[in-house]
């Protein structure tokens, strides 16, 4: 286990801090003693200070905005993605190029929430960090190129840490499979929809655990190689029903009766030609048709233990945050 060096805390720029993973990382960095800056479009003033975070008006697609916001920062968290899977080909690579330019200028570390899209079936079912990256989707090919560019930036003095994890869930995870597929936010949970094929395992990660992992790795970044990648084991649903069972257990403790049903993939396929988000969603269905598990051994060696909230506790907090449980008595 590598030692934790709290003295490494400094200034961090978080791109995508209004989203799920970016927001969680920003808050945990702040709570760990970092000075956190975030870029946000449409601010009424150039600079706003709220919740212990400095918000700067700007756009991740504007290189000058990113460069100005990153001045004096030793870390740039690149947690910005096009919403709803849309316009990846237009936006993803220009945004990472802007982050790289800022990181090289500041000799900073890029922290990237990675995906499993980089890998194809030849790396399944257990994904290790050094597995060959042969993606079979457009988004996967873009993510491979994105990481290739980050790796190249390490030759110019920047550093990079990539953390890959399963599908996010959490009380503030934003748009996710949990909140958009399994349950319906804002109403008591009744029907739990299962996106996966029968018996197919699936990897999940509780968002606060992912953010805690990133913060702990950043505190140890001086001991890591210039480009370091880690996988989180997270919560492994071995047959595709255990997440639903946990939701049912938590709901039952609050007096709710639940049932399970298959996710309506047939309707998604019918509507996909007319709805861009559904079309992009359909492209990623292969991740629900075969087991894809992440090997967390390297991360456990680096941290001593992976941050891991027990499943029922994580589900309770997630459902409460999504408004899917009855109000508790004062």
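The values are calculated or read from the model by the stated rules, or taken from the named source; none is laboratory data. Values in this document were obtained by computation on a predicted structure and should not be read as measured data. Positions of Cβ are generated from backbone atoms using ideal geometry, with glycine treated the same way; all protein chains shown enter the neighbour counts.
Checking the stated criteria, residue 291 turns out not to satisfy the condition of being under 26 Å from residue 213 (Cα atoms), touching a helix residue (DSSP H, G or I) at 6+ places or on another chain (Cβ under 7 Å) and surrounded by 13 or more Cβ atoms within 10 Å (Cβ to Cβ). With respect to being under 16 Å from the mean Cα position of the chain (by Cα) and more than 19 Å from residue 99 (Cβ to Cβ), residue 140 fits the description. Comparison of 229, 238, 245 shows that the only residue that is more than 30 Å from residue 152 (Cβ to Cβ) and either in contact (Cβ under 8 Å) with a residue 12 or more places away in the chain or under 21 Å from the mean Cα position of the chain (by Cα) (or both) is 238.
A Cβ distance below 7 Å, combined with a sequence gap of six or more or placement on separate chains, defines the contacts here; from segment 305-330, residues that are crowded, with 19+ Cβ neighbours inside 10 Å reach residues that are at pLDDT below 95 and assigned to a helix (DSSP H, G or I) in the pairs 318/178; 322/179. Residue count for segment 269-288 under the criterion of being modelled with pLDDT of 90 or more and surrounded by 13 or more Cβ atoms within 10 Å (Cβ to Cβ): the result is 6. The number of residues in segment 198-218 that are part of a helix (DSSP H, G or I) and under 24 Å from residue 130 (Cβ atoms) comes to 7. Selection of segment 175-197 for residues being in a loop (DSSP other than H, G, I, E, B), surrounded by fewer than 18 Cβ atoms within 10 Å (Cβ to Cβ) and in contact with a strand residue (DSSP E or B) (Cβ under 9 Å, 6 or more places away or on another chain) yields 184, 190.
So, residue 61, is that one touching a residue at least 60 places away in the same chain (Cβ under 8 Å), closer than 30 Å to residue 272 by Cα and either surrounded by fewer than 24 Cβ atoms within 10 Å (Cβ to Cβ) or under 22 Å from the mean Cα position of the chain (by Cα) (or both) or not? Here the answer is no, as residue 61 does not meet what is asked. Would segment 223-235 turn up any residue that is out of contact with any strand residue (DSSP E or B) (no Cβ under 9 Å at 6 or more places or on another chain) and modelled with pLDDT of 95 or more? The answer is yes, given that some residue of segment 223-235 is out of contact with any strand residue (DSSP E or B) (no Cβ under 9 Å at 6 or more places or on another chain) and modelled with pLDDT of 95 or more.
A residue that is in contact with a strand residue (DSSP E or B) (Cβ under 6 Å, 6 or more places away or on another chain), outside any loop (DSSP other than H, G, I, E, B) and under 15 Å from residue 178 (Cα atoms) can be found somewhere in segment 296-312.
Report yes if some residue within segment 147-163 is under 28 Å from residue 243 (Cβ atoms), touching a helix residue (DSSP H, G or I) at 6+ places or on another chain (Cβ under 6 Å), surrounded by 15 or more Cβ atoms within 10 Å (Cβ to Cβ) and in contact (Cβ under 8 Å) with a residue 24 or more places away in the chain; otherwise report no. The answer is yes, given that some residue of segment 147-163 is under 28 Å from residue 243 (Cβ atoms), touching a helix residue (DSSP H, G or I) at 6+ places or on another chain (Cβ under 6 Å), surrounded by 15 or more Cβ atoms within 10 Å (Cβ to Cβ) and in contact (Cβ under 8 Å) with a residue 24 or more places away in the chain. Looking for whichever is surrounded by 22 or more Cβ atoms within 10 Å (Cβ to Cβ), touching a residue at least 40 places away in the same chain (Cβ under 8 Å) and over 21 Å from the mean Cα position of the chain (by Cα) here; the options are 79, 69. Which one fits? It is 69.
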